[in-house]
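Trainee: Below you'll find the structure I mean.
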């Protein structure tokens, strides 16, 4: 018994205690200060998102319109366009980032995210069915289809990746996700082309956009995403234990099956809700957990906390860049994240050693 305990303690050390060789970079003080700094940056980016656009506004104008709306043009721009758009970014960003962090930890695949594993494609496909076949045209109606699609594809990819081994194989899951994304994307495109009128108001949604959503729609979907955030934070500690192997996790009192179920539910709610609200936005779930892991180490509790704050920063900055590049037509934020994310994906794939999970 004592030798087993020593073995468990020795294997648990890298996940539960800051390695001495890494210096002060991963100390709790550094992590806390970094998280506070990231929160401050998020506040600045949020204000910038309200100020910057086809018509730039000053801080005084923004504050006056926010706290004393008087029906002026500036107030209408802020409350009808900028505020809803910014709130969508603050809701969708954490959902995409946490979904990516969960999938990477769950599959032990550092190159996994909801887009690569087909979760976004599944949600988008079921939304296409809801709009093109069943006639839904409001996010409050087709959000449930997005959740079902995300859940079905998540389970299907996991099952395919587990064939022959009993446990999820990262390579098999990635290949399954890419294949399913291609198939579902092709079918969805065919349905869209067959009934273009039904999808006319979803062109921007299909490219990934945080604009054009009312606060009422956000209020209907935000509670689901909030539930997913809570589940992600709760499962962070069990994922730390399972990173050392299922047998070690069980010896530490972790329910392997229960953790898997919670992760699948959380990914389904987060990715499905985000896709229903803003369309298929890629690479946020891939980039942010990697960036965060470089700074805070492999502890999933810190990864989740940082991802919760850094993801909306990246999404809002991408949206601001889209408005600056094309202030008249405005690029879709999904296109900006793809342009930025593709080189990062190539860089990660070429690294001899990716961040540890």
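Trainee: Run the quick spin-label model on residue 66 and residue 226: label points 7 Å from Cα toward the beta carbon, then report their separation in nm to one decimal.
Mentor: Simple spin-label model gives 2.0 nm for this pair.
Trainee: Per residue Cα convex hull volume for region 24-330, in cubic angstrom?
Mentor: It comes to 138 Å³ per residue, whole-number rounded.
Trainee: May I pose another question? Spin-label point model (7 Å from Cα, Cβ direction): what's the residue 36 to residue 233 distance in nm?
Mentor: Inter-label distance under the simple model: 1.9 nm.
Trainee: Can you sort 265, 157, 218 from fewest to most other Cβ atoms within 10 Å of each residue's own Cβ?
Mentor: Ranking 265, 157, 218 by Cβ neighbours within 10 Å, fewest first, gives 265, 218, 157.
Trainee: Residue separation times 0.36 nm, minus the C-alpha to C-alpha distance between residue 81 and residue 56: what's the value?
Mentor: Separation in residues times 0.36 nm, less the Cα-Cα distance, equals 7.7 nm.
Trainee: For a bin width of 10 Å, list the pair-distance distribution of region 245-327 built from all Cα-Cα distances, rounded to whole %.
Mentor: 14, 35, 34, 12, 4, 1
Trainee: Between residue 256 and residue 189, what length in nm is gained on full extension when 0.36 nm per residue of separation is reduced by their alpha carbon distance?
Mentor: Extra length available between residue 256 and residue 189 comes to 20.3 nm.
Trainee: What ranking of 106, 30 emerges when the number of other C-beta atoms within 10 Å of each C-beta is taken as an exposure proxy, fewest first?
Mentor: 30, 106
Trainee: Can you give the extra length, in nm with one decimal, that the chain gains between residue 339 and residue 247 once fully stretched, where that is 0.36 nm per residue apart less the Cα-Cα distance?
Mentor: Computed gain between residue 339 and residue 247 is 29.0 nm.
Every read-out reported here was derived from the displayed coordinates using simple, explicitly stated rules and does not represent laboratory data. Worth saying up front: this structure is predicted, and the values here are computed from it rather than measured. Because the Cβ atoms are built from the backbone with ideal geometry, glycine has one as well, and the counts that use them run over all protein chains shown.
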